[in-house]
Each structure stands twice: as structure tokens, then as C-alpha cells.
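A quick write-up on the structure given underneath.
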Amino acid sequence: MRLTFPVRICGKSPSKMKLKLDENLSRHLKAALEKYHHDVITAAEEGLLSKPDTLVAKAAAEEGRILLTLDVEFADLRKYPPGSHPGIVLFRPKSFGPLSVNRFVEDFFQTPDLLDLGGCVIVVDPQKVRIRKPLPV
């Protein structure tokens, strides 16, 4: 079953996004997301397996990459306020089996009106997409 995510997110239409896959997402997602012309790197490729979340977030920020994760810690707006990083997308699928998670993430990136995720904290679950945008300056 394909999910539809009716969402417009934080900015202009991207042709290519820089993404980092957290260690809790399958490395097989890298190839799937690269099919959509995104620049994808995994935490494992950078030696960040079992490293503290703060180091993973710092690496993503230094590289200008949006972090894709299943770790609810990254949705803590006190630790990772919108605008203090390139973007965080927390996926909360119904099932956490690897194939289900991969399908869920891929479905999100196939959304035709998906816009730039820059600086936002986004929580994606099967029923809705919650977006926390950076405060205006």
C-alpha cells in the first residue's frame, strides 16, 4: 500500500537535497533516494555508528545535510530547535520492519509537492506530517 503525504514543506522546490541517513535507517535507502537525484550519505560511511546523537547532528549540520532518522530524540525542539540545523525528518511508521520502513521513507520522498526541508523539524507518521519551521527573524 502506497501512502500519500499531502504536504508542502518550508521553502522552494529542491532539485537535489543533501541527506544523511541515521544508523537506524537501512543503508539500502541510500540507493533508493539517490534514484531521485539526492546526495545521500550514511552515518556508517562516516564512522558514526554508536556515536552520540549530538555528534551525528553536528556532522549533518557541518555538511549541510538534512538528517533522516527513526530516533525520537531528534524531535526534541529544546535540543534541536528549527533553524539551528539544515533539517531533521523523523519517521514514525506503523511498522518498524526494515522493508516497511524503507517503503515508508521512499513514499515520503515521492511526494510530488515535497518542498525544501531546510531548517525544519518534521515528524512523519502514517496519518500526518507535522512541521516545525524556524522562527522568523
Förster radius 25 Å - calculated FRET efficiency between Lys35 and Asp71 (Cβ-Cβ, nearest 0.05)
0.50
In debye, nearest 20: dipole of the range 18-131 around its Cα centre with unit charges on the Cβ of K, R (+) and D, E (-)?
220
Looking at the range 51-93, what % of the alpha carbon pairs are farther apart than 18 Å?
13
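Throw me the Rg/Rh for the range 18-131, computed over C-alpha atoms with Kirkwood Rh, two decimals.
Answer for the range 18-131: 0.92.
Would you please put 88-96, 71-79, 34-42 in order of how densely packed they are, using the mean number of other Cβ atoms within 10 angstrom per residue and starting with the highest?
88-96, 34-42, 71-79
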Between Asp125 and Asn102, what length in nm is gained on full extension when 0.36 nm per residue of separation is reduced by their alpha carbon distance?
6.9 nm
How much length would be gained if the chain were fully extended between Ser84 and Leu49, taking 0.36 nm per residue of separation minus their Cα-Cα distance, in nm to one decimal?
10.3 nm
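Rule-based calculations on the coordinates, nothing more; no lab input. Remember, predicted model here, so these are calculated numbers, not experimental data. Neighbour counts run over all protein chains shown; Cβ positions are idealised from the backbone, glycine included.
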